[in-house]
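Participant: One structure follows; several queries about it will come next.
The values are calculated or read from the model by the stated rules, or taken from the named source; none is laboratory data. In this text, all values refer to a predicted model and were calculated from it rather than measured experimentally. Here Cβ is always computed from backbone atoms with ideal geometry, including for glycine, and neighbour counts include all displayed protein chains.
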Amino acid sequence: MSFNPKHVLGIKELSQEEITFILDTAGSFKEINTRDIKKVPTLRGKTIVNLFFEASTRTRTSFEIAGKRLSADTVNISASSSSVVKGETLEDTAQNIEAMHPDIIVMRHSASGACHYLAERLRCSVVNAGDGTHEHPSQALLDAFTIRQHKGEINGLTVAIIGDITHSRVVRSNIYCLSKLGANVRVAGPGTMLPPGLEKMGCTIFKNIEDAISGADCVMMLRIQRERQGASLIPSVREYARFFGLNEQKLKLAKEDAIVMHPGPINRGVELASAVADGAQNVILDQVENGVAVRMALLYLVAGGDKLQQN
Ligand code: CP
């Protein structure tokens with residue numbers, strides 16, 4: 001199979017075969033990250049601009065490292081240090097960047113649909129690094145890659161996702177991704193954090209964490225999205241932690257070999273007790289490690305894939 005999308009905007013648009021192809025391609029890149037010389041010439045001569053209008057540690061750093069390990073020239077622009085603070089619009093900003101002939105713009109933006117908006121207007125490729133409450137495709141792909149690494153295959157697994165479902169782009173991309181790969185996806189959170197229509201996306205809704213994680217193979221915890229008014233949907237953080245936080249006692253309800261995941265950043269003592277965040281079942285730093293390989297695969301495929309030399 002050959003798959004060279006012009007843009008990567010969401011998981012919703014991808015087929016099961018395309019997702020599997022991306023994960024397999026990431027698998028072939030992973031080893032490069034543990035070499036003494038962590039660099040291949042695959043994207044030499046390509047220019048990638050990481051345009052981040054929202055804060056990020058993992059996504060921005062790993063897209064930058066991914067580009068550099070493939071020998072692309074990478075440039076980082078954050079809204080706070082750009083002319084956006086002087087009132088420049090998204091479209092003007094993007095068109096000015098495109099005038100410098102980048103091959104790929106990787107963008108994170110607080111507005112859902114911002115990446116689609118740019119993709120319709122620019123000649124270069126656009127990769128979505130998180131748009132509002134809509135999608136975070138590279139996160140879901142690295143999550144699927146990590147589940148595959150620990151469980152062998154995703155088909156037939158039960159994955160419970162707990163937290164601020166209303167505001168989470170991670171959960172939306174994961175529901176699409178994991179259900180296309182054959183997982184049974186369960187979702188739980190306070191009633192005020194469960195938007196209507198979720199079942200239509202391919203998941204089962206639970207009102208409490210205990211039922212959602214009972215017998216699960218993977219438990220994925222999400223933080224409250226304070227920057228999107230998530231905290232206003234609960235009476236108090238203390239109460240949330242008591243009813244929806246994951247501690248060692250609740251984790252015993254999941255399968256004995258269940259893995260614990262979190263996209264980061266973690267709010268310790270809120271959605272995740274430190275004993276679980278640092279416990280034997282956590283694979284959180286594996287997720288971060290795999291993020292580099294998955295983003296290498298995305299940049300490689302968007303830039304032309306097998307039309308390029310891989311190493
Ligand atoms: N998981 C994730 O998107 O983390 P950052 O916000 O640090 O990029």
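Participant: In segment 213-239, what residues are within 18 Å of ILE175 (Cβ to Cβ), among the aliphatic types (A, V, I, L, M) and either in a strand (DSSP E or B) or out of contact with any Gly (no Cβ under 6 Å at 6 or more places or on another chain) (or both)?
Facilitator: If the condition is that a residue be within 18 Å of ILE175 (Cβ to Cβ), among the aliphatic types (A, V, I, L, M) and either in a strand (DSSP E or B) or out of contact with any Gly (no Cβ under 6 Å at 6 or more places or on another chain) (or both), then ILE213, ALA216, VAL219, MET220, MET221 are the ones that fit.
Participant: A further question follows. If you scan segment 264-273, which residues turn out to be of a type outside the set (A, V, I, L, M, F, W, C) and either assigned by TED's automatic domain parsing to the domain that holds THR61 or out of contact with any strand residue (DSSP E or B) (no Cβ under 8 Å at 6 or more places or on another chain) (or both)?
Facilitator: Matches in segment 264-273: GLY264, PRO265, ASN267, ARG268, GLY269.
Participant: What number of residues within segment 174-231 are aromatic (Phe, Trp, Tyr) and more than 17 Å from the chain's Cα centre (by Cα)?
Facilitator: Total satisfying the criteria: 1.
Participant: For segment 86-104, does any single residue satisfy the condition of being within 24 Å of the chain's Cα centre (by Cα), closer than 20 Å to ARG172 by Cα and either in the same structural domain as ILE266 (by TED's automatic domain parsing) or of a type outside the set (Val, Ile, Thr) (or both)?
Facilitator: The answer is no; no qualifying residue exists.
Participant: Considering every residue within segment 51-58, establish whether at least one is among the acidic types (Asp, Glu), closer than 17 Å to VAL294 by Cα and either within 16 Å of the ligand (Cβ to nearest atom) or assigned by TED's automatic domain parsing to the domain that holds CYS177 (or both).
Facilitator: No, every residue in segment 51-58 fails to be among the acidic types (Asp, Glu), closer than 17 Å to VAL294 by Cα and either within 16 Å of the ligand (Cβ to nearest atom) or assigned by TED's automatic domain parsing to the domain that holds CYS177 (or both).
Participant: Which ranges mark the strands (runs of 3 or more DSSP E) fully within segment 88-166 that have 3 or more residues being in contact with a His (Cβ under 6 Å, 6 or more places away or on another chain) and in contact (Cβ under 8 Å) with a residue 60 or more places away in the chain?
Facilitator: 125-131
Participant: Can you name the condition, by its number, that GLU239 falls short on among (1) buried (at least 17 other Cβ atoms within 10 Å of the Cβ); (2) not assigned by TED's automatic domain parsing to the domain that holds ASP131?
Facilitator: Only one criterion in (1) buried (at least 17 other Cβ atoms within 10 Å of the Cβ); (2) not assigned by TED's automatic domain parsing to the domain that holds ASP131 is unmet by GLU239, namely (1).
Participant: Quick test for you: out of THR20, THR42, pick the one residue that is more than 23 Å from GLY202 (Cβ to Cβ) and at pLDDT 95 or above.
Facilitator: After applying the criteria, what remains is THR42.
Participant: Filter segment 240-254 down to the residues that are part of a loop (DSSP other than H, G, I, E, B) and in contact with a Leu (Cβ under 8 Å, 6 or more places away or on another chain) and list them by number.
Facilitator: GLY245
Participant: Please verify whether segment 18-41 includes one or more residues that are farther than 23 Å from HIS150 by Cβ, crowded, with 21+ Cβ neighbours inside 10 Å and in the same structural domain as ALA111 (by TED's automatic domain parsing).
Facilitator: The answer is no; no qualifying residue exists.
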